[in-house]
Structure formats: structure tokens, C-alpha cells
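What follows is a short report on a single structure.
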Amino acid sequence: MTTTLLPPVERPTAPPARRRRNPRDRRSTPLTVLLWLCAAYFLLPLVWLVIASTKDNADLFSTFGLWFGERFSLWDNLVSVFTNRDGIYGRWALNTVFYALASGGGAALLSTMAGYAFAKYRFPGSRALFSVTLGAIMIPLTALALPTYLLFNTFGITDTPWAVILPSLVSPFGVYLMRVYAADAVPDSLIEAARVDGAGEFRIFWQVSLRLLGPGVVTVFLFALVATWNNYFLPLIMLNRSELYPLTVGLAQQQLASAQGGGGSQALFSTVITGSLVSIVPLVVAFLFLQRYWQSGLAAGSVKQ
Amino acid sequence: MKKAPRTALAMATSAAILGMTLAGCSSGGGEDDTAGSEPVSQADIDEALQTPTELTFWTWVPDIEDEVALFEAAYPAIDVTVENVGQGLDHYQKVRTALEAGDGAPDVIQVEYQYIPSFTLTDSLLDLTPYGAADISGDYVDWAWNQVSSDEGIWAIPQDIGPMGNLYRSDIMAQAGVTEPPATYADYATAAEQVRSATGSYISNLPSNDPAQVTGLLWQAGVRPWSWDGDQTVSIDVNSPEAQEVMTYWQDLIDRDLVGTDADFNDAFYQGLSTGTYAGWLTAAWGPIFLQGTAEATSGQWSAAPLPQWEEGQEVSGNWGGSTDAVLSTTENPIAAAALAQFINHDPESTALFANQQFLFPASTELLADESFTGSEVAFFGGQKVNELFAGIAETVDTDFTWLPFMEFVYSSFNETVGTAIGDRGDLVGALDDWQAQIVRYAEDQGFTVE
């Protein structure tokens, strides 16, 4: 989802001493052009998606992709998105929200606790454990999907929501981020003071440290939320019942049904495209409102203070 | 159904599938199941069908619940859960993963013809002979039946087929002075030149990513590119003189820029069909309905005809797509599962529903001869009786075409060799040699004896 990260808004903070110099003079034309190109590169697919959602199947293949077709069919498409197969799209959307919130919340909590422990406690094996955690960042979830499936199958929890949520609770990157964040955000002296006042370690974590870790927690939550929202391979492997699918798998299934030809195929192109548009709207909205958390999360640990 | 255009994911998953096939292969060992082919008595069948039973059926066919409902109405004790776990390679991967895991596998699955051997190799399919399947062998077009059965048993019941024909834009052809559909490939080349010079359109598209279509065209030309003895011996001959002849023909059309070479089932391809960049499509019996959904704006301008022939006066076609229903050997309710696979593909009401509601082109000979199916006049094709035409073509498909137990690899290897050569407008005959070499090397690596 990094594609929707917009370039940071430029706020000219012209220092008073340089007032005579117009900040405009410092603009670099090649850089501006380059940034515009980058913006276009990231935004064009989105523009295409919005425009394509207003076309029916016939217009989709006979008119120019980046301009509107002869008929405006957005409403018809939306209706077909929510009525195809008895409105199973709505079910998929609810599943996605549920999986993403549960995974995001769980991952944020676990990462915060682990990261805080790594940052603030010295215990035997902490370095080794942290190295393992760092190494785990390198292993994509996709590579673990099949072994995880076999493991889960032994416990009989494949084809249940647990199969999607449990693996998503583990976020090595979140642990790393929270360790870096906790190291800076929670002063050791504050913990010492709390201990002197007689607070137990759990109480210190819940009532003192967690408050200070707020922005970091939200960042990890968002990362995990988006990762689960966009996760395709894990639910594809784990789930068999359509009514448990998240949007990613459901839409891919609809898309395949139209893209394979063969008997019984349905031309659902405009339905799938409009469904994709609807599926990213919540994420785009979340990004616009929560931008500052992303930036603070990305900047955490970048400067040694 | 035709095989999915391969995406990066499909490539990755097919590697995983093959890994699993091989794991199954090495652990499966012998295939001596002759003890199981004792006919099951009618009393046992009746009893099983009246015992409350739950079946799981993995299929991607839309609205197949309607046919399953007919089955449940006929056998109220049996409750079938239909699950769509994906289509094509995704589906097979999930079936194999579940088989590998030991439980969670369904009772009945949808399988395309070309992938049946990859499941019989691992002894994963139930021989349906003892459950009455032999009695209905004459009710399906013979070449389709040959593909679901072998000397060892009957592995699946045919559902739909895809005998190939030629769909073309009669308006563009007429503009180029071509009033009759080309009867031979020589005529087809001449027509291609006229169409190109008069209208700028390609006569059709030879896709760079569709091994199934090219295999169908080879099938029509009498090429037998491979065979398998059901055990450990395969023969591979994809660069035979006959295959080279077919490829030399297409090479000529490609070199003269008379056919398109776009990947099919994606944007450029759909645009080509709906804007007249292609004046035709050598496709299968499911093509006419598919085309209506994607090229609506050209309704009424299309016509259907048999494929051009290699020799004047011949009537031969190949097959592209179609699928079957098979019972997994791990099922705990073999009688009920076999009854489901047979009922939905044999009961006249059910097969008619498949043909007229889901537009699956039937494999049932009774339905192919039924006036209510063949008689329908399709407005998209200017009122032509398209079903009647393809029902006739279904009779002309060569009967002894078979498949290898590792078609996933054969198809992905096609895309790397011949497919790439088509897309690059390169050397097709040379690419056939590469394809041959890759398949032989793979087969040997997997422990097959290559003859």
C-alpha cells in the first residue's frame, strides 16, 4: 500500500534571516518534473480504476482507458457488486474488516509488549531473541503459508477465521519498530521513578509506558491492519468456504471466473473493477486521516537523540 | 474450462503443486487397485443413498447449486455442501494440499480433462466402475469418455466439452470480399491476406500464452504430442514432423503480419475482439457465449463455422477446454459421491440445466441431439443455430488424444518456449525443439522413462 503514500506536503519554512530571498528561487525544475512524474506514476492506476468503474463491459474494451465511456454505469456496477451471488460481496467486506481489525489490534498489542521488553529489560538471551526477530523480518508470510497450513490442519483450525488471524498476529517488523520507539519514548528514569513509587512492572507497562507509546502502537496497528487487509495468499490457502473469504480472495475468484473463458464463465469485469474500487476506499480514507501516525512511525529511530 | 492465463502467482503455485505431486508419487507407489473393481450391489447402493450423508463438492462452476439441488431432491437423505475454492490451478493446489494434509479433502471435485492423469498418478481418484459408471459410458461423446477412462478404470464423469470451431466477423470478411468461411488452411491464409489488405484487421489471434488452444489446433492436425502408459513410461513428441508443419503454417502468417500474437484473455485481446482488430477467433464451443459477454457492441455481426481443414474435404476438429466431476479416493462415502458425480452429469434435467442456464457445452450425446438445445437461434450470431453447428463438430473430434500426468509443467514450459516465440514473432519450429527438450528433461528428472 506504499503506493498511496503521497509525497509530504511542502511547507516552506523560510527563516526570517533569508527573507530577502524568494523561496521560489530555490525550486529546481528537474526535481519538480521528476516528482510530478512519480505522482503520476502512482496515481494513474487509481485514476484508471475510478474511470473504469463507470464503464460497462462493452465500454471497457472499446473506449480509451483513461477517459469516460459512452455510458455512465457506475450505479449499475455498484448494484451488481452488491447483488452478485446474493450480495456475497458485503459478506467479504465484513470479513475483511473483522480480520484486519482483529489482526491489527492483536499484532499491535503483542508487538508493543515484546518491543518494550526488548528495549527496557535485560534478560538472558535477549540479544539472540532479538536477532531471530530481525531475521524473521526477512521471511515473507507467503513462504510460511504452506507449512502453516499443514500445522493448522493438525489442530483442525483451517477453514476458520483463526487460520487467517493467528498468523497475522505475529509482526516481527512491529516488534522491531516498537523496540526502537520504546527505547526513545519511555525514559529509563521514568520507569525508575515508578518503581521507587512501588508500582509493579505490569502496572508500569499498562499505566505509564503504554501512554507514552501511543503513536507507535497506532503505527504498528495500521501496518498490521493494511497487511491483513491486503493479504491474499494466506486466506487463499487457508479458507475453502466462500462465506469466509476476505475481499482479496473473493475478488480474485470473481476475476478468474471472467478471465478464464471456458464453459460457465461470466463476464464480470465491470463488477470486479468496481468491487476493487469499493474495497480500497476505506484504506484511502484511513490514510488521509491517519497520515501523521505513518510519518511518525516511519521517522521513529531515524535520528539518534 | 480452459486453463488460466499464467500469472506470477500461478507459476509459483504450480511449482508447489508439482512438489506435492511428486511427494504423492513417491509415497503412492503401486497402482494395483483391481481388488476395488468388484461391482457394488444395487442393494448396497440403495441403502447408502437412503442413509443420511454429508458430501462436500469443490467446484468453480457458477450456480452449480441448482444442479446439486436436483440431486438432493432425488436423494433427500444426502446433503451436499458446494464450495468454490478457486478456479483452475488454485483449485488443484487446494485439493492436493488437502490430500497431503490427510483430511479436509472434499468428496467430489471438478477436474479438467488434461489434469485427470495427474490425479490418477497419485491414486487420488476413485474408480467409478463398480458404482455403475460403466453402464453410462455410451451416453457421452466417445472422445470425451476416452479422456476420463483408461484400461484401469473410469476416473471421472464428463460435464462439458470444447470442440473447436471458427468464429468470425462476417461484416469484416465481406468487406474484404470473403463471403464463405475458409474451408482449408490454404484458403484461410488467402483470406487472411485479403482481410489484412482490405480492412487492416488480423484474421485472428494466435495467443502467446495459451498452450490449451495451440494443443487443440495440434490435436486437430492429427499430432499426438505425448502419451503415458499409466505407469512410469511416457513418450514425448511435440516436435514431430506434423507439429512442425502446423507451426510452419502459423510462422508464415505471423511473418507476413496476418495474425495477431497478443496474450489472450486480457485487455488487448478483449479490445481486439470488440473493436474488430481481430476478424475472428479459432475457439471452442464455449466461445460463442463468452464472446457475447465481452464484445456486446458487435452483436449480430458474427458467424460460426467449423475450423479450416488441412486437407480439402476433411472434417476434423480438436478440443479446447471442458471439465469433469471426479470422486477422490479418500472419500468416506464412495457410493453417495459417485452417485452425485453421475447424477448431475447424466440426469436429463440436470444436463439440460447446465447447457441452457450455465451455457456449458454438453458432453451428453442425448442432449447434443436434442432439438430444444440445438435449435436455439442466437441473435449475436445473426440468428445462426450455433449449438447445432458445434454439436456437429463434437462428432468430428479425434478420439485417441491423451494427456501426460504433469500437464502443469508442459503448459508452463510451452509459455516459456513456443509461447514466447509466438509473442516475439520468432522461430516457432525451433521453439518446438526447446519445448520437447524441456519436457523430456523434466520427465526424466521425475523418474519417468521417456520412450
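Listed values, structure above:
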read-out	value
Lone unmet requirement of (1) at pLDDT below 90; (2) under 21 Å from the mean Cα position of the chain (by Cα) for A:L109	(1)
Single condition B:A101 does not satisfy, out of (1) of a type outside the set (D, E, K, R); (2) crowded, with 24+ Cβ neighbours inside 10 Å; (3) more than 21 Å from B:W60 (Cα to Cα)	(2)
Residue list for segment B:262-275, restricted to those being more than 8 Å from chain A (Cβ to nearest Cβ) and surrounded by fewer than 21 Cβ atoms within 10 Å (Cβ to Cβ)	B:A263, B:A268
Hits in segment B:202-222 (condition: in a loop (DSSP other than H, G, I, E, B) and out of contact with any strand residue (DSSP E or B) (no Cβ under 9 Å at 6 or more places or on another chain))	B:S208, B:N209, B:A221, B:G222
Answer from B:D123, B:D63 - the residue that is away from chain A (no Cβ under 13 Å) and in a loop (DSSP other than H, G, I, E, B)	B:D123
Boolean, A:V278 is without any contact (Cβ under 8 Å) to a residue 60 or more places away in the chain, among the β-branched types (V, I, T) and assigned to a helix (DSSP H, G or I)	no
Residue within segment B:404-424 that is closer than 22 Å to B:G138 by Cα, without any contact (Cβ under 8 Å) to a residue 40 or more places away in the chain, touching a helix residue (DSSP H, G or I) at 6+ places or on another chain (Cβ under 6 Å) and more than 14 Å from chain A (Cβ to nearest Cβ) present	no
Which numbered condition B:K94 fails, given (1) within 14 Å of chain A (Cβ to nearest Cβ); (2) within 30 Å of B:E395 (Cβ to Cβ); (3) free of Cβ contacts under 8 Å to residues at least 40 places away in the same chain	(2)
Options B:G280, B:G313, B:G322; residue that is of a type outside the set (V, I, T) and either within 14 Å of chain A (Cβ to nearest Cβ) or touching a helix residue (DSSP H, G or I) at 6+ places or on another chain (Cβ under 6 Å) (or both)	B:G322
Given (1) over 30 Å from B:T261 (Cβ atoms); (2) under 21 Å from the mean Cα position of the chain (by Cα); (3) modelled with pLDDT under 95, index of the condition B:I344 fails	(3)
Subset of segment A:145-195 (residues that are within 14 Å of chain B (Cβ to nearest Cβ), in contact with a Leu (Cβ under 9 Å, 6 or more places away or on another chain), of a type in the set (A, V, I, L, M, F, W, C) and part of a helix (DSSP H, G or I))	A:A145, A:F152, A:A163
Test result for A:S270, within 26 Å of A:L49 (Cα to Cα), modelled with pLDDT of 85 or more and surrounded by 18 or more Cβ atoms within 10 Å (Cβ to Cβ)	yes
Residue under evaluation B:Q175, criteria (1) over 18 Å from B:F401 (Cα atoms); (2) buried (at least 19 other Cβ atoms within 10 Å of the Cβ), criterion not met	(2)
Those residues of segment A:240-249 which are more than 15 Å from the chain's Cα centre (by Cα) and at pLDDT 90 or above, in sequence order	A:L244, A:Y245, A:V249
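The values are calculated or read from the model by the stated rules, or taken from the named source; none is laboratory data. Keep in mind that what you see is a predicted model, and the values were worked out from it rather than measured. Methodologically, a virtual Cβ is constructed for each residue, glycine included, from the backbone with ideal geometry; neighbour enumeration extends over all protein chains shown.
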